[in-house]
Every structure is written in structure tokens, then in C-alpha cells.
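Colleague: I have a structure I would like to understand better, so I am pasting it below and will then ask my questions one at a time.
The values are calculated or read from the model by the stated rules, or taken from the named source; none is laboratory data. Just so it is clear, the model here is predicted, and its values are computed rather than measured. Reconstructed Cβ throughout: ideal geometry from the backbone, glycine too, with neighbour counts over all protein chains shown. The area values use the complete protein model at the heavy-atom level, side chains included, leaving out ligands, DNA and RNA. Shrake-Rupley method; radii C 1.70, N 1.55, O 1.52, S 1.80 Å.
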Amino acid sequence: MKKCLIIANSFKENAGLLGNEISVFLKKENIENSLFLYDGKEVRSKILDIDFSGYDFVVTLGGDGTVLFACRGCSPLGIPVFPINLGEFGFIAAVPKDNWKKELELFLREKCYISSRSLVQCEVLRNGKTVFRCCGMNDCVISSCPSSHLVNLNVAYNHALLGPFKTNGIIVSTPTGSTAYSAAAGGPIVEPELSALVLTPVSSFSLSARPLVFGEKGEIVITLMSSRSDASLTCDGQIDFELKEGDVLILKIPEFRARLICSTQEKFFSALQSKLNWSGGPRA
């Protein structure tokens with residue numbers, strides 16, 4: 001390891017100070033590094049000018065949103081992310097801030113586990129032409145605007161029509177994102193290293209609408225039909241794109257995967273219990 005990028009969410013208290021501390025530690029390890037400060041709100045308001053190429057690994061200082069931001073840029077390049085939790089939830093950011101040095105040393109000595117996570121890729125076609133592409137670590141969400149209104153969506157999987165949906169929206173999540181918005185909307189929790197997509201309707205106008213889990217080789221195709229409300233696409237809750245009637249969205253799992261350092265299966269199930277209060281049943 002020769003070069004590292006440290007991404008510190010300036011909205012988090014002491015993120016900059018900890019970033020400087022990590023920078024000093026890495027220099028002692030003869031690892032060149034640079035510090036990138038950003039406010040998590042900036043992700044929604046503008047395209048951040050950051051080039052991940054050339055780095056051997058990235059350290060994030062923030063919450064899960066900071067990890068999502070880093071993974072979208074690092075995953076296509078195969079760059080692993082070391083996620084230190086400074087947020088409130090910290091489901092993806094699995095490294096405790098008081099234990100970063102020990103776990104980072106294990107990584108540098110190639111003695112720690114690196115989790116491989118699938119992503120969801122979305123392409124928007126308008127009149128047969130691609131007008132938008134995005135890739136999410138958590139999910140891609142098609143929703144009505146305003147969110148309380150209904151939109152009409154046709155959904156198909158590998159050319160098999162699943163039927164029309166009259167709904168507030170549809171979430172297409174990764175296994176990693178299955179514990180986020182999808183879970184809040186009633187979707188299943190999926191072991192994070194599986195290659196799968198979870199389709200979860202949001203407040204569908206039908207009692208029969210249920211979440212579905214699809215394998216890694218298929219495509220979900222969603223067409224925006226005539227509706228009384230506008231609709232938009234949101235990727236990881238951070239990137240927005242306005243949709244129009246007739247738009248066709250193609251969602252699938254890309255070939256590249258995210259790599260999360262020190263994100264073990266044990267930490268995932270521990271987070272289910274501590275963060276989501278999942279116990280598996282009564283304990284006698």
C-alpha cells in the first residue's frame with residue numbers, strides 16, 4: 001500500500017482532527033495520503049470533483065452516507081474502503097472510531113477480512129436514448145413527487161411482466177441496502193455478501209403487492225406510465241434525477257463490486273441486534 005485518500009465528513013464533529021491523526025499515522029507507515037473534506041449535504045447539491053484513481057485504499061470518516069459516497073467512486077476501480085464510524089447509525093461504517101488504529105494496522109499487514117458487496121446499476125432510457133446512469137451501494141428509488149401521491153409503474157423482470165403498480169414508489173435495493181429504506185418499507189433483510197436485488201413497493205395501492213428478491217443475472221425494467229404526479233429517481237439517497245412519462249429504467253447488478261475493509265459477518269449480525277433491535281425471538 002503506497003497511497004491513501006482520507007474522506008472526512010466535515011459535518012461530523014472532530015472528523016478533520018481525526019483525519020489529521022490518521023494522516024500522521026499513515027506517513028509513519030510510509031504511505032502517501034491526502035485529506036478530502038466535504039459536507040454530506042454537498043452530494044445532493046452538486047457533483048463533487050474528486051478523482052479516486054491512483055489510490056490503493058480509501059479511509060472514510062463519517063456515517064453510512066460517507067461510505068456510500070466513497071464506494072460509488074471506488075467500486076468500479078476495485079479500491080477497498082476502510083469505513084470508520086462517526087455517525088449515529090453506523091450500519092455500513094463498521095470500524096469503531098476508538099479502534100481504528102488496531103484495525104487499520106491489521107489491514108496494512110493483510111490480516112483483516114475484506115467484504116465483497118454487490119451494487120445496483122440503473123440506466124434511464126428516454127425515447128430510446130440513455131439520458132442518465134447511476135450506480136448505488138444501497139438502492140435506487142423511483143418515487144412520486146410529492147411522495148404522498150401515486151405513480152403508475154409497469155415492472156418486468158427478464159421480459160416477464162410482473163404487472164402494473166399504482167404506488168408511492170418502488171425501491172430496488174442491494175443486500176447491503178436491504179437494511180435501509182427497503183427494510184423500513186417492509187422488505188426482507190438479506191445477507192450482505194449475496195448477489196441479489198430486492199424490489200420493494202412503497203405503499204402500493206394493492207394488498208397483494210409484496211417484496212421480491214431476484215438473482216444476479218437478471219434485469220428489472222420499470223416503465224413510468226401516465227400518472228397525475230411527477231416522479232424522480234434517487235440513488236443512495238444522494239443523487240437525484242427527474243423522470244418523465246415514458247422513461248424506461250433498466251436496473252441490474254454490475255460486474256464490479258464494493259470492497260469494505262473489516263466489515264465481517266459477525267459485525268453485520270451484531271449490528272442487526274444493536275442497531276435494529278433484532279433478536280430472532282423471545283429468550284426464555
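Colleague: Could you give each residue of the range 183-191 its phi-based ³J(HN,Hα) in whole Hz, using Karplus coefficients 6.51, -1.76, 1.60 with θ = phi - 60°, and x for Gly or Pro?
Modeller: 5, 5, 8, x, x, x, 8, 10, 4
Colleague: May I pose another question? Which value does Rg/Rh take for the chain over its C-alpha atoms, Rh per Kirkwood?
Modeller: Looking at the chain, the ratio lands at 0.99.
Colleague: With 27 Å as the limit, write out which pairs from Lys244/Lys275; Lys27/Lys267; Lys102/Lys275; Lys129/Lys252; Lys2/Lys275 have Cα-Cα distances beyond it, or answer none.
Modeller: Lys244/Lys275; Lys27/Lys267; Lys2/Lys275
Colleague: Could the peptides 239-251, 114-126 be put in order, highest first, of the mean number of other beta-carbon atoms found within 10 Å of their residues?
Modeller: Descending mean neighbour count gives 114-126, 239-251.
Colleague: Provide the solvent-accessible area of Tyr113, counting protein heavy atoms only and rolling a 1.4 Å probe, rounded to the nearest 10 Å².
Modeller: 100
Colleague: By per-residue mean of other Cβ atoms within 10 Å, what is the highest-first order of 94-101, 5-12?
Modeller: 5-12, 94-101
Colleague: Here's something else I'd like to know. Using θ = phi - 60° and the Karplus relation 6.51 cos²θ - 1.76 cosθ + 1.60, list the HN-Hα couplings for the range 207-214 in order, rounded to whole Hz, with x at every Gly or Pro.
Modeller: Each residue's phi maps through the Karplus curve to give 6, 8, 6, 10, x, 10, 10, 10 Hz.
Colleague: So what is the calculated 222 nm ellipticity per residue for the chain, using -39500 (n - 2.57) for each DSSP H run with n of 4 or more, over all residues, to the nearest 500 deg cm²/dmol?
Modeller: Using -39500 (n - 2.57) per qualifying helix, the result is -5500 deg cm²/dmol.
Colleague: Tell me the carbon and sulfur percent of the accessible area for the chain, rounded to whole percent, probe radius 1.4 Å.
Modeller: Answer for the chain is 50 percent, counting heavy atoms of protein chains only.
Colleague: Suppose R0 equals 45 Å; then what is the FRET efficiency for Lys166 and Phe36 from their Cβ-Cβ distance, rounded to the nearest 0.05?
Modeller: Working from the Cβ atoms, E equals 0.55.
Colleague: What ³J(HN,Hα) values, in whole Hz, does the Karplus curve 6.51 cos²θ - 1.76 cosθ + 1.60 give for the range 62-76 when θ = phi - 60°, with x put for Gly and Pro?
Modeller: x, x, 5, x, 5, 5, 4, 4, 5, 5, 4, x, 7, 4, x
Colleague: May I ask you to give the solvent-accessible area per residue for the range 196-247, in square angstrom, as obtained with a 1.4 angstrom probe?
Modeller: 53
Colleague: Excluding ligands, DNA and RNA, what is the solvent-accessible area per residue of the range 35-181 at a probe of 1.4 Å, expressed in Å²?
Modeller: 43
Colleague: Considering only the other residues whose Cβ falls under 14 Å of the Cβ of Leu77, what net charge follows from Lys and Arg at +1 and Asp and Glu at -1?
Modeller: Charge balance near Leu77 sits at +1.
Colleague: Find the Rg to Rh ratio for the range 118-179, where Rh is the Kirkwood radius over alpha-carbon pairs and Rg uses the same atoms.
Modeller: Taking Rh as the inverse mean 1/r over Cα pairs, Rg/Rh reads 0.98.
Colleague: Tell me the label-point distance for the pair Lys2, Asn99, using the 7 Å Cα-to-Cβ offset, in nm and rounded to one decimal.
Modeller: The answer from the label model is 3.3 nm.
Colleague: Over its Cα atoms, what ratio of radius of gyration to 2.2 N^0.38 Å does the range 182-221 give?
Modeller: 1.23
Colleague: Name the residues whose placed amide hydrogens come within less than 5 Å of the amide hydrogen of Ser204, ignoring near sequence neighbours (fewer than 5 apart) on the same chain.
Modeller: For Ser204, whose amide H was placed from the backbone, the distant partners under 5 Å are Asn168.
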